[in-house]
Amino acid sequence: MDKKTINIGLMGLGNVGAGTYKTLEMNFDSILANTGIDFKITKILVKDLEKQRDINVPKDLLTQNPDDLVSDPNIDIIAELLGGIEPATDYMLKAMQNGKHVVTANKAAVAANFEVLRNAAEQNKVMFRYEASVAGGIPILNALTTALQANQFEEVLGILNGTTNYILTQMTDFGLNYADVLRIAQEKGFAEADPTDDVEGFDAANKLSILISLVFGKRVKPDEIPTEGITKITKEDIERATQTGHKVKLIASAKLENGKLNYSVKPTLLPLTHPLAGVSNEFNAVFVKGNAVGELMFYGKGAGPLPTGSAVMGDIIEIGKAIAKGASYDIKVAGGSK
Ligand code: HSE
């Protein structure tokens, strides 16, 4: 039966949870007008019921018990925005077993448990989407699994972490010191709960692992990707790069060379003329080369509550539209057939 009200359970009300809540609140009328669907957040899982937050959320939506969401028969879609591999994966699997569609922004969980989550979605005939897990607001996963699906790819390369790009940009442009800029990136809601994941390159490796799965149909776990972060980059390194007409960027790349897939995440010197050299602050960019489409570059905000909330809500709306049409499961909405 067609359904015109879609109930959402939000897991997490940190930066991404709050950004998702705000995106829906800010654009509720236009989303309703465009889709005819009343999207309602009916429960929110939080750690602390009393915490002061800078968004106004009715207290009766909050719970500390994940079962209040994953076992609530009235909830159609769970948006998992907790971060971390566990218990997030466990909650997503339970939600799927209970027939709920799942959206996540959690690159660590998707990269670690890619097949498990996708197989669970298939077995339980629910939709599973994770656009926000790679490059924040940039719809790169959608593009790869829909408009670009006719291609075979040779290369994917990008700036996939907003925090480190913000740090490198501020150190380069304003000579600021690493620790101060990291603190600002945390205040702006770009950084992970534990920023080690950002600055050591692990977050970018998680995202590259997901991209490799979709671009090359090959499973490479994040810990198999040679990864180096930006913690060893000094002010002197940045000054030297500037003097020789270069920028230091944390580059994630995967390239097919003579039939072999090579991949890494590492700080890289780019000449100023390189298209990725101009990608500043929390912006991300993803470059792909397909055998039919040629070279493409996607650019946008890769971190921050609202850009990420935009991607989460995009997935929720897409699933809501499929539910309203009576579809219980759609492989395309599940993220492609690779
Ligand atoms: N900490 C991540 C970043 C958030 O800085 O890019 C978005 O995935």
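The values are calculated or read from the model by the stated rules, or taken from the named source; none is laboratory data. Since this is a predicted model, take the numbers as computed values, not measurements. Note that we place each Cβ from the backbone using ideal geometry, even for glycine, and neighbour counts take in every protein chain shown. For the accessible areas, the whole protein counts, side chains as well, though only heavy atoms, and no ligand, DNA or RNA atoms are used. Shrake-Rupley method; radii C 1.70, N 1.55, O 1.52, S 1.80 Å.
Observations on the model:
- When the stretch 191-203 is limited to residues that are near the ligand (Cβ under 8 Å from one of its atoms) and either modelled with pLDDT of 95 or more or surrounded by fewer than 23 Cβ atoms within 10 Å (Cβ to Cβ) (or both), the one that is nearest to V220 (Cα to Cα) turns out to be D203.
- G320 modelled with pLDDT of 95 or more, open to solvent by less than 60 Å² (accessible area, probe 1.4 Å) and in the same structural domain as T23 (by TED's automatic domain parsing): yes
- Pair list, Cβ under 8 Å, 6 or more apart: the stretch 269-296 residue of a type in the set (A, V, I, L, M, F, W, C), other residue surrounded by fewer than 18 Cβ atoms within 10 Å (Cβ to Cβ) and modelled with pLDDT under 95: A285/P275; F287/P275
- Taking the numbered list (1) over 22 Å from S310 (Cα atoms); (2) touching a helix residue (DSSP H, G or I) at 6+ places or on another chain (Cβ under 6 Å); (3) not in a loop (DSSP other than H, G, I, E, B) in turn, A109 passes all entries but (1).
- Hits in the stretch 1-30 - residues which are of a type in the set (D, E, K, R) and surrounded by 14 or more Cβ atoms within 10 Å (Cβ to Cβ): K3, K22
- One residue stands out in the stretch 139-169 among those that are assigned to a loop (DSSP other than H, G, I, E, B) and surrounded by 24 or more Cβ atoms within 10 Å (Cβ to Cβ): the one that is farthest from the ligand (Cβ to nearest atom), namely L160.
- Filtering the stretch 95-115 to residues that are of a type in the set (D, E, K, R) and open to solvent by 20 Å² or more (accessible area, probe 1.4 Å) leaves K107, E115.
- Single unsatisfied condition, K94 versus (1) under 29 Å from F216 (Cβ atoms); (2) touching a Ser or Thr at 6+ places or on another chain (Cβ under 9 Å): (1)
- When V126, V103 are checked against the criterion of being touching an Asp or Glu at 6+ places or on another chain (Cβ under 6 Å) and either among the aromatic types (F, W, Y) or not in a helix (DSSP H, G or I) (or both), a single residue qualifies: V103.
- Residue list for the stretch 281-298, filter: within 12 Å of L157 (Cα to Cα), open to solvent by 50 Å² or more (accessible area, probe 1.4 Å) and out of contact with any Lys or Arg (no Cβ under 8 Å at 6 or more places or on another chain): K289, M297
- Selected residue (criterion: surrounded by the most Cβ atoms within 10 Å (Cβ to Cβ)) from residues of the stretch 204-249 that are under 21 Å from the mean Cα position of the chain (by Cα), in a loop (DSSP other than H, G, I, E, B) and within 15 Å of the ligand (Cβ to nearest atom): I230
- Annotation note: Cβ proximity below 8 Å between a residue of the stretch 64-93 that is part of a loop (DSSP other than H, G, I, E, B) and a residue that is modelled with pLDDT under 95 and not aromatic (F, W, Y) (sequence gap 6+ or interchain) occurs for D76/K3; D76/I323; G83/E192; G83/A193; G84/A193.
- Every listed requirement among (1) without any contact (Cβ under 8 Å) to a residue 60 or more places away in the chain; (2) in contact with a Leu (Cβ under 9 Å, 6 or more places away or on another chain); (3) not aromatic (F, W, Y) is met by R183 save one, (2).
- When the residues of the stretch 170-189 are filtered to those that are on the phi < 0 side of the Ramachandran plot and open to solvent by less than 20 Å² (accessible area, probe 1.4 Å), the one that is nearest to the ligand (Cβ to nearest atom) is A185.
- Qualifying positions in the stretch 250-280 - open to solvent by 40 Å² or more (accessible area, probe 1.4 Å) and touching a Ser or Thr at 6+ places or on another chain (Cβ under 7 Å): Y263
- Members of the stretch 274-299 found to be away from the ligand (no atom under 14 Å from the Cβ) and part of a loop (DSSP other than H, G, I, E, B), listed by number: H274, N291, A292, V293
- Residue check, A33 open to solvent by less than 40 Å² (accessible area, probe 1.4 Å) and not hydroxyl-bearing (S, T, Y): no
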